[in-house]
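The values are calculated or read from the model by the stated rules, or taken from the named source; none is laboratory data. All figures in this text were calculated on a predicted structure; none of them were measured in a lab. Glycine also receives a Cβ, built like all others from the backbone with ideal geometry; neighbour counts cover every protein chain displayed. The protein model used for the area step is the full one, side chains on, heavy atoms only, and it has no ligands, DNA or RNA in it. Shrake-Rupley method; radii C 1.70, N 1.55, O 1.52, S 1.80 Å.
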Amino acid sequence: MRAALEASRKSVNVAVLSKVHPLRSHSAAAQGGINAALGDEDTWEAHAFDTVKGSDYLADQDAAEVLCKEAPADIIELENMGTVFSRREDGRLQQRPFGGAGFPRTCYVGDITGQAILHVVWEQLIKAGVPTYEEWFVTSLVVEDGACRGVIAMEMRSGQVQAIAAKAVILATGGLGRVYQPTTNSLISTGDGMSLAYRAGAPLMDMEFVQFHPTTLKDSGVLLTEGARGEGAYLLNSLGERFMARYAPQKMELAPRDVVSRAEQTEIDEGRGVDGCVLLDLRHLGEERIRERLWQINDLAQDLAGTDILKEPVAVRPGMHYHMGGVKTDINGATLLPGLYAAGECACVSVHGGNRLGGNSLLETVVFGRRAGAAAADCASAAAPHNVSQAAVADQERALKAVLERSRREDTTASIRHEMGTTMTAKLSVFRTEKEMAQAVEKMRELKEHYRSLGVQDKGRVFNFDLANYVELGYLLDCAECIAAAALARRESRGAHSRRDFPERDDESWLRHSLSYHTPDGPRLDHTPVTVTRWQPERRAY
Amino acid sequence: MEARLRVRRFDPESGDGARYQSYALEVPSYATVLDTLLQIRDDLDGSLALRCSCRSAICGSCAMRINGQARLACKTKVLALAPDGEEITVEPMGNMPVIKDLVTDMASFWSKVKAIGPWLQPVGPSPKREYLVPQETTRDLTEVMACIMCGACVSDCATLETELGLGKDPDATFLGPAALAKAYRFVADPRDGADGQRLLALSRAEGIWDCTRCNICVEVCPKGVAPLEQILALRRKAIEAGYEENLGARHTLEFEKTVRESAWL
């Protein structure tokens with residue numbers, strides 16, 4: 001939506017197309033905040049350094065510089081648009097400390113920051129009169145004469161398949177969390193944009209880097225914000241120790257997420273966990289602070305875990321949360337396929353490298369959404385009109401009809417999705433080994449084979465979620481296969497990619513991005529250099 | 001434990017009317033109604049249609065009527081409603097046309113939200129940095145802004161039910177609690193400069209004075225937005241601003257006058 005808003009400011013004909021109503025997007029689930037160096041003592045350079053160090057030096061430093069330099073103006077714009085950011089005594093924006101950051105630089109709206117910003121940007125879209133096509137499900141990109149010329153999409157309400165021609169297309173489809181089970185991600189986070197771009201010939205980058213968030217609820221896998229630790233919550237093991245003292249003596253609970261998740265997993269693996277979890281203790285923060293700043297997680301812990309965080313610690317564990325990789329773009333959102341842009345979690349600029357800092361993902365959507373919107377508008381202004389061939393629509397319709405004609409068998413979309421998700425969690429989690437990753441690669445190939453012959457039970461066309469879920473599973477399997485293959489190939493430990501068999505970072509061989517190209521036989525891997533501007537890789541300690 | 005759901009089904013392509021279908025399945029003790037519906041879709045019946053996404057009561061997709069009351073399916077535990085394995089009835093939201101199973105047509109809901117001019121309308125040039133706003137104000141605003149547009153309040157709104165029952169065009173009915181709470185969020189925002197126009201528009205027919213104060217919106221809201229309280233606050237502000245040329249305001253003022261002068265209700 002931020003991209004569309006920017007494009008509309010450049011007076012091009014723009015529309016938003018989304019498989020759900022835009023307010024249902026996963027950005028709403030971002031709780032803790034959005035970073036910008038706004039404080040008197042803070043600088044954008046410090047923010048960029050923290051981002052690069054947090055990334056374990058895999059971020060492209062030119063991209064991290066853009067992100068952090070442009071952050072303050074974008075946050076102020078969001079505020080001026082109406083975002084109700086929390087304030088200091090003097091009425092200025094309040095900022096809270098977040099993991100891996102040298103300053104308190106995370107602006108927030110309680111613990112509903114994503115929802116607050118998402119709604120405000122939607123309001124601006126209405127104000128700008130940008131049409132939104134709600135509940136249109138994209139099934140493929142139109143590529144003709146070597147450029148992206150639009151999308152093929154199914155209107156959920158009618159089930160009709162149509163081509164929507166466009167001189168430029170921006171993917172802003174979010175993450176792929178549903179590759180894993182469990183995950184903090186929404187049910188709609190099914191890697192659509194990544195798979196669409198991949199199939200259309202644009203490479204994916206750094207797919208092996210999957211973030212496990214240190215504080216997710218045990219049963220439901222739902223997220224409790226890093227803001228809890230930002231406000232001062234402790235992590236305890238079964239002995240009641242603040243175990244982070246052993247892993248990150250300076251930053252303690254506010255080390256970056258990969259560091260904290262590894263520490264938690266180590267405590268659990270070495271027998272100091274509590275029922276497969278560690279404990280997040282907020283009691284000393286006091287009721288008033290929790291009610292004012294962390295009310296959503298107070299409700300979630302009560303509703304989903306039956307725990308009153310005012311009275312007792314809540315059991316949490318590392319859970320799949322975010323994906324650092326995505327469609328490779330430049331700092332203007334352009335992918336390697338002409339006419340195709342990407343921004344947000346589905347893109348890989350890369351600002352997050354091997355590990356994203358909390359508060360940088362909402363920021364990425366705003367900064368690079370804006371930049372992609374402007375660049376795509378320029379691209380569209382310069383492009384000649386092009387009529388999309390109707391053959392692509394007929395092909396897509398035929399493919400969907402074939403699925404509808406197959407009956408539901410023992411293997412179902414749900415059973416394959418479950419097998420994919422549990423395999424990925426078992427084999428490609430916080431700690432990884434050669435053997436397990438190889439098994440995952442093999443398993444994903446096998447599941448892809450099964451996938452091709454799956455049928456669906458719902459034979460109608462109106463709101464056929466059975467059919468949509470089938471198509472989504474295809475996207476997920478593409479992503480899963482790329483994650484497993486790229487992870488297996490990277491023989492080092494960096495950021496969230498932590499191998500038991502290669503425990504050290506290896507800058508000589510692996511200070512480079514991985515690329516995944518689509519082939520009929522699975523991903524073809526390649527590499528590209530990391531851009532280093534001013535920070536040479538150093539040992540990473542917190 | 002066993003969950004038993006009785007779900008209202010409707011397939012627009014079948015030519016048949018709505019019907020109820022019962023399901024019984026094993027679910028974990030922490031299962032929500034949404035978990036149970038998704039398990040039905042995965043294991044028993046792939047044709048069951050419902051909207052859902054975040055599973056954590058923030059995206060607003062899965063409002064539906066559960067045992068006769070609008071709730072978020074992801075925020076409603078099976079065990080809490082059916083401690084002894086009672087059957088739970090699941091139906092689509094009310095006051096909106098049903099498209100398929102639990103999926104409703106929310107077009108009128110969104111057009112009403114859009115009708116209130118739902119964006120900040122500041123007067124004068126933007127400040128160089130952020131607007132200075134007291135934290136107490138942002139705290140109050142955030143409570144209303146926490147609305148996730150799920151539609152639960154509109155589903156169960158008694159005024160709307162009456163008006164729709166009388167056959168009124170849905171777009172010409174009461175603006176409803178969600179849109180009015182959203183309107184209050186702007187009127188109460190010190191950065192917004194369009195209070196006058198907003199209050200004038202909201203004082204017209206189908207606006208703030210159409211609410212019958214039944215309080216159901218407060219009861220069903222899953223996010224504590226308390227739409228009725230915001231509607232009453234808008235009424236006070238409208239009267240203070242002098243927008244009295246309507247039945248609702250005149251009634252209130254006459255009422256106040258009678259009590260003041262005669263001490264009689």
Review point. Which one is nearest to B:Arg55 (Cα to Cα) among residues in the range A:294-311 that are touching a helix residue (DSSP H, G or I) at 6+ places or on another chain (Cβ under 7 Å) and within 10 Å of chain B (Cβ to nearest Cβ)?
Key: A:Asp303
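Would you check which residues across the range A:237-276 are basic (Lys, Arg) and open to solvent by 30 Å² or more (accessible area, probe 1.4 Å) and list them?
Kept after step one, since they are basic (Lys, Arg), are these residues of the range A:237-276: A:242, A:246, A:251, A:257, A:262, A:272.
The answer is A:Arg242, A:Arg246, A:Lys251, A:Arg262, A:Arg272.
Kindly state which strands (runs of 3 or more DSSP E) lie completely within the range B:37-119 and contain at least 3 residues that are out of contact with any helix residue (DSSP H, G or I) (no Cβ under 6 Å at 6 or more places or on another chain) and within 15 Å of B:Gln21 (Cβ to Cβ). Working first, answer last.
On the way: elements: B:63-66, B:69-72, B:87-91, B:98-100.
Ranges flagged: B:87-91.
Scan the range A:57-108 for residues that are on the phi > 0 side of the Ramachandran plot and within 14 Å of chain B (Cβ to nearest Cβ) and report the count. Don't jump to the end; show me each part of the working.
Step one: filter the range A:57-108 for residues on the phi > 0 side of the Ramachandran plot, giving A:57, A:82, A:91, A:100.
Now drop any that are not within 14 Å of chain B (Cβ to nearest Cβ), which leaves A:82, A:91.
Total satisfying the criteria: 2.
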Study note, to complete from the structure: Counting only residues in the range B:129-155 that are without any contact (Cβ under 8 Å) to a residue 12 or more places away in the chain and in contact with a strand residue (DSSP E or B) (Cβ under 6 Å, 6 or more places away or on another chain), the one farthest from B:Arg213 (Cα to Cα) is identified as B:Glu130
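With the requirement that a residue be facing chain B (nearest Cβ under 7 Å) and either surrounded by 19 or more Cβ atoms within 10 Å (Cβ to Cβ) or on the phi > 0 side of the Ramachandran plot (or both), what does the range A:451-460 give you? Before you say what the answer is, go through the steps one by one.
Within the range A:451-460, the first condition is being facing chain B (nearest Cβ under 7 Å), and the residues that meet it are A:456-458, A:460.
Across the range A:451-460, the qualifying residues are A:Val456, A:Asp458.
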Check your understanding: within 21 Å of A:Arg370 (Cβ to Cβ) and surrounded by fewer than 19 Cβ atoms within 10 Å (Cβ to Cβ), is that true of A:Ala165?
Key -> no
Check your understanding: Among the residues of the range A:406-421, which ones are without any contact (Cβ under 8 Å) to a residue 12 or more places away in the chain and either under 21 Å from A:Val142 (Cα atoms) or of a type in the set (Asp, Glu) (or both)?
Key -> A:Glu410
**Study point:** Subset of the range A:110-130 that is touching a residue at least 60 places away in the same chain (Cβ under 8 Å) and of a type in the set (A, V, I, L, M) - its residue that is farthest from B:Leu141 (Cα to Cα)
**Key:** A:Val130
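Scanning the range A:403-418 for residues that are in a helix (DSSP H, G or I) and within 14 Å of A:Leu447 (Cβ to Cβ), which turns out farthest from the other protein chains (Cβ to nearest Cβ)?
So the first thing to find is which residues in the range A:403-418 are in a helix (DSSP H, G or I), and the list is A:403-405, A:413-418.
Narrowing the set further to residues that are within 14 Å of A:Leu447 (Cβ to Cβ) leaves A:413-418.
Numbers: A:Thr413: 7, A:Ala414: 3, A:Ser415: 8, A:Ile416: 11, A:Arg417: 8, A:His418: 8 Å.
Checking each candidate, the answer is A:Ile416.
Just a yes or no: is a residue in the range A:10-24 farther than 30 Å from B:Asp105 by Cα, within 14 Å of chain B (Cβ to nearest Cβ), in contact (Cβ under 8 Å) with a residue 24 or more places away in the chain and open to solvent by 20 Å² or more (accessible area, probe 1.4 Å)? Reasoning before the result, please.
Filtering the range A:10-24 for residues farther than 30 Å from B:Asp105 by Cα gives A:10-12.
From what's left, within 14 Å of chain B (Cβ to nearest Cβ): none.
No; the residues of the range A:10-24 include none that is farther than 30 Å from B:Asp105 by Cα, within 14 Å of chain B (Cβ to nearest Cβ), in contact (Cβ under 8 Å) with a residue 24 or more places away in the chain and open to solvent by 20 Å² or more (accessible area, probe 1.4 Å).
State the number of residues belonging to the range B:81-110 that are of a type in the set (Phe, Trp, Tyr) and either under 13 Å from B:Arg51 (Cβ atoms) or in contact (Cβ under 8 Å) with a residue 60 or more places away in the chain (or both). I'd like the intermediate steps shown before the answer.
Just the residues of the range B:81-110 that are of a type in the set (Phe, Trp, Tyr), to begin with: B:109-110.
Subset that is either under 13 Å from B:Arg51 (Cβ atoms) or in contact (Cβ under 8 Å) with a residue 60 or more places away in the chain (or both): B:109.
Number of matching residues: 1.
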Check your understanding: Looking at the range A:196-207, which of its residues are part of a loop (DSSP other than H, G, I, E, B) and open to solvent by less than 10 Å² (accessible area, probe 1.4 Å)?
Key -> A:Ala202, A:Pro203, A:Asp206, A:Met207
Point to revise | Hey, B:Ala179 in a helix (DSSP H, G or I), under 12 Å from the mean Cα position of the chain (by Cα) and within 14 Å of another protein chain (Cβ to nearest Cβ) or not | key: yes
Review point. Which residues, counting only those in the range A:176-195, are farther than 14 Å from A:Lys19 by Cα and either open to solvent by 10 Å² or more (accessible area, probe 1.4 Å) or outside any strand (DSSP E or B) (or both)?
Key: A:Leu176, A:Gly177, A:Arg178, A:Val179, A:Tyr180, A:Gln181, A:Pro182, A:Thr184, A:Asn185, A:Met194, A:Ser195
Practice item. For residues that are away from every other protein chain (no Cβ under 14 Å) and open to solvent by 10 Å² or more (accessible area, probe 1.4 Å), scanning just the range A:312-321, find the one that is nearest to A:Gln211 (Cα to Cα). Key: A:Pro318
Review point. Does any residue of the range A:111-132 turn out to be aromatic (Phe, Trp, Tyr) and part of a strand (DSSP E or B)?
Key: no
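Suppose the filter is aliphatic (A, V, I, L, M), open to solvent by 10 Å² or more (accessible area, probe 1.4 Å) and closer than 19 Å to A:Leu254 by Cβ; does A:Ala37 pass it?
Details: aliphatic (A, V, I, L, M): yes; open to solvent by 10 Å² or more (accessible area, probe 1.4 Å): yes; closer than 19 Å to A:Leu254 by Cβ: yes.
Spelling it out, A:Ala37 is indeed aliphatic (A, V, I, L, M), open to solvent by 10 Å² or more (accessible area, probe 1.4 Å) and closer than 19 Å to A:Leu254 by Cβ.
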Point to revise | the range A:226-282: number of residues that are basic (Lys, Arg), farther than 23 Å from A:Ser361 by Cβ and assigned to a helix (DSSP H, G or I) | key: 1
Review point. If you go through the range A:463-480 one residue at a time, do you hit one that is surrounded by fewer than 21 Cβ atoms within 10 Å (Cβ to Cβ) and in a loop (DSSP other than H, G, I, E, B)?
Key: no
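Please find, among A:Gly354, A:Gly421, A:Gly359, the residue that is assigned to a helix (DSSP H, G or I) and within 30 Å of A:Leu336 (Cβ to Cβ).
Numbers: A:Gly354 fails: assigned to a helix (DSSP H, G or I); A:Gly359 fails: assigned to a helix (DSSP H, G or I).
Every option except A:Gly421 fails the conditions.
Being closer than 30 Å to A:Arg494 by Cβ and buried (at least 20 other Cβ atoms within 10 Å of the Cβ) narrows it down to one of A:Ala48, A:Ala28, so name that one. I'd like the intermediate steps shown before the answer.
Working: A:Ala28 fails: closer than 30 Å to A:Arg494 by Cβ.
Going through A:Ala48, A:Ala28 in turn, just one is closer than 30 Å to A:Arg494 by Cβ and buried (at least 20 other Cβ atoms within 10 Å of the Cβ): A:Ala48.
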Practice item. Identify the residue in the range B:40-99 that is away from chain A (no Cβ under 12 Å) and polar (S, T, N, Q) and, among all such residues, is nearest to A:Glu135 (Cα to Cα). Key: B:Asn95
**Study point:** Subset of the range A:277-294 [open to solvent by 40 Å² or more (accessible area, probe 1.4 Å) and farther than 16 Å from A:Gly240 by Cβ]
**Key:** A:Glu287, A:Glu288, A:Arg289, A:Arg291, A:Glu292, A:Arg293
